[in-house]
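The values are calculated or read from the model by the stated rules, or taken from the named source; none is laboratory data. Bear in mind that the values here come from a model prediction, so they are computed numbers and not experimental data. Here the Cβ is made from the backbone with ideal geometry for all residues, glycine too, and neighbour counts use every protein chain on show.
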Amino acid sequence: MEAVKRIPTMNGGDTRAGHWASWHTLTLLGLLIGIVLIEWLVPRELRLYIWLAIMGFMTSFALIAGHGITGRWLGVLIDTRNKVSLSRLQMTLWTVLILSGFLTAVLTNIHAGHAEPLAIAIPPELWLLMGISTASMVGSPLILNAKRQRAPSDEEKLSALDALARRSITPEQVSFRGQLVVNQNVDAAGIADLFQGSETGNLGLLDLGKLQMFFFTLVLLFSYGTALAGLFAAGETIQALPTLDAGMLALLGISHAGYLVNKALPHGAGD
């Protein structure tokens, strides 16, 4: 088995070094070549399948790059606390969906001989959605940094350790940074991080703010993905990407606001 060297990190944990292998580089190059070749190999009439293939290539690229850096297939979603991040998941999904849609539209126009294949209007609502997602991803670490300065009680620490034990995570695999529970390495990261609290006071408990944002994200992704599929199935040159409904965008904004406010509130004993 390949030996993995670990190096210390700024938060007191460690990460994997030297895990990137030649197959990571070759596979990523192959995926990029595949995205370029698909426009020439697949007929324009099958552009819906071109879009699905490009999404698959981009998703594979992100997964393989994350694996090469962290040694985990979930590496693209793991943040500086060595936890799987919901905001990273959301940003990754939206990036793949929108960029694959835009690239497919450009390739379709090029194949059709359009005079200005890049003249594809992007609705302002789509920019606003990406801005909301980016603000959530950037704002989450800023909020959590404030909780590094708050000392947890012994009762909260015991409760956190008990929650970790139920996931077969030993005390040596984590460290306490104020009220935050930080994994010492990427091996402790898991899907459960998407839905549970990350503080000593709510670790092991379902975080309703995260669950709500997860469902809103899925609904919006499915809705916009369906709109893109309809656009590509229409068989015409593409001049604009589908417009997002303002009501759904407002609901997403409320969900993000609730998620950030919930993250900012203390979750200690008695709160």
Pick out the one residue from 168, 87, 140 that is surrounded by 19 or more Cβ atoms within 10 Å (Cβ to Cβ) and without any contact (Cβ under 8 Å) to a residue 60 or more places away in the chain.
87
Taking segment 216-232 and keeping residues loosely packed, with under 13 Cβ neighbours inside 10 Å and farther than 13 Å from residue 93 by Cα leaves 226, 230
State which residue pairs qualify: first residue in contact (Cβ under 8 Å) with a residue 12 or more places away in the chain and inside segment 177-195, second residue assigned to a helix (DSSP H, G or I) and among the β-branched types (Val, Ile, Thr) in any location, beta carbons under 7 Å apart, and separation of 6 or more residues or different chains.
186/70
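Here is a yes/no grid of residues against (1) at pLDDT 85 or above; (2) closer than 21 Å to residue 260 by Cβ; (3) not in a strand (DSSP E or B):
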| residue | (1), (2), (3) |
| --- | --- |
| 135 | no, yes, yes |
| 138 | no, yes, yes |
| 155 | no, no, yes |
| 168 | no, no, yes |
| 172 | no, no, yes |
| 225 | yes, no, yes |
| 229 | yes, no, yes |
Scan segment 121-135 and give yes if some residue there is in contact with a strand residue (DSSP E or B) (Cβ under 6 Å, 6 or more places away or on another chain) and either surrounded by fewer than 20 Cβ atoms within 10 Å (Cβ to Cβ) or at positive phi (or both), otherwise no.
yes
It is to be established whether one or more residues within segment 207-219 are over 22 Å from residue 258 (Cβ atoms) and either at pLDDT 90 or above or in a loop (DSSP other than H, G, I, E, B) (or both).
no
When you look at residue 178, is it out of contact with any Phe, Trp or Tyr (no Cβ under 8 Å at 6 or more places or on another chain) and over 16 Å from residue 80 (Cβ atoms), yes or no?
no
For segment 231-244, name all the residues that are outside any helix (DSSP H, G or I) and either in contact (Cβ under 8 Å) with a residue 24 or more places away in the chain or among the aliphatic types (A, V, I, L, M) (or both).
234, 235, 237, 238, 239, 240, 241, 242, 243, 244
Somewhere in segment 27-34, is a residue modelled with pLDDT of 95 or more and closer than 13 Å to residue 96 by Cβ?
yes
In segment 67-84, which residues are in a helix (DSSP H, G or I) and surrounded by 19 or more Cβ atoms within 10 Å (Cβ to Cβ)?
67, 70, 75, 76, 77
Out of (1) surrounded by fewer than 16 Cβ atoms within 10 Å (Cβ to Cβ); (2) under 22 Å from residue 84 (Cβ atoms), the one residue 201 does not meet is (1)
Return the residues of segment 85-98 that are touching a helix residue (DSSP H, G or I) at 6+ places or on another chain (Cβ under 7 Å) and in a helix (DSSP H, G or I); say none if nothing qualifies.
86, 87, 88, 89, 90, 91, 92, 93, 94, 96, 97, 98
Can you pull out the residues in segment 107-133 that are part of a helix (DSSP H, G or I) and closer than 28 Å to residue 86 by Cα?
124, 125, 126, 127, 128, 129, 130, 131, 132, 133
Among 48, 37, the single one that is of a type in the set (A, V, I, L, M) and either without any contact (Cβ under 8 Å) to a residue 40 or more places away in the chain or not in a helix (DSSP H, G or I) (or both) is 37
Got a number for residues in segment 174-206 being within 22 Å of residue 72 (Cβ to Cβ) and in a strand (DSSP E or B)?
10
